Amino acid sequence: MPKRMTTVNRDRAIAVASILSTLTFSMAVDSDGQVIEPSDIFTDSFISFPLPFKCIIKARSAQAEAVIKSGGL
């Protein structure tokens, strides 16, 4: 981690690393099995962010799922 990382940024980096190490993210599929592409539409505000989109989030392993269900993540 960078030498001058603040506590908030350090905690955020640890949270992101924990999430990415235990979960797999993929695009959603429709009832025909076709991939649903997320839109590239963003909000029209001072702080812009993407509109909600469907996706699939799965635990990477049974062990990761157990940690998530126990509230350890």
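Considering only DSSP states other than H, G, I, E and B, which chymotrypsin sites (Phe, Trp or Tyr not before Pro) in the range 1-55 qualify as loop sites with at most 14 other Cβ atoms within 10 Å?
Sparse-neighbourhood loop chymotrypsin sites (Phe, Trp or Tyr not before Pro): Phe46, Phe53.
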### Message
Using Cβ contacts closer than 10 Å as the measure, can you line up Glu65, Glu37 from fewest to most?
### Response
Glu37, Glu65
### Query
Here are several values of percent of Cα pairs over 13 Å apart: [x] 76; [y] 57; [z] 73. Which one was derived from the coordinates shown?
[x]
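For every helix of n ≥ 4 consecutive DSSP H residues, a contribution of -39,500 (n - 2.57) applies; sum these over the chain, divide by its total residues, and give [θ] at 222 nm rounded to the nearest 500 deg cm²/dmol. Don't skip to the answer; put the middle values down first.
Numbers: 2 runs with 24 residues, N = 73.
It comes out at -10000 deg cm²/dmol, rounded to the nearest 500.
Every number here is computed from the coordinates shown, using simple stated rules; none is lab data. Just so it is clear, the structure is predicted and the values come from calculations on it, not from any experiment. Cβ atoms come from the backbone with ideal geometry, glycine included; neighbour counts cover every protein chain shown.
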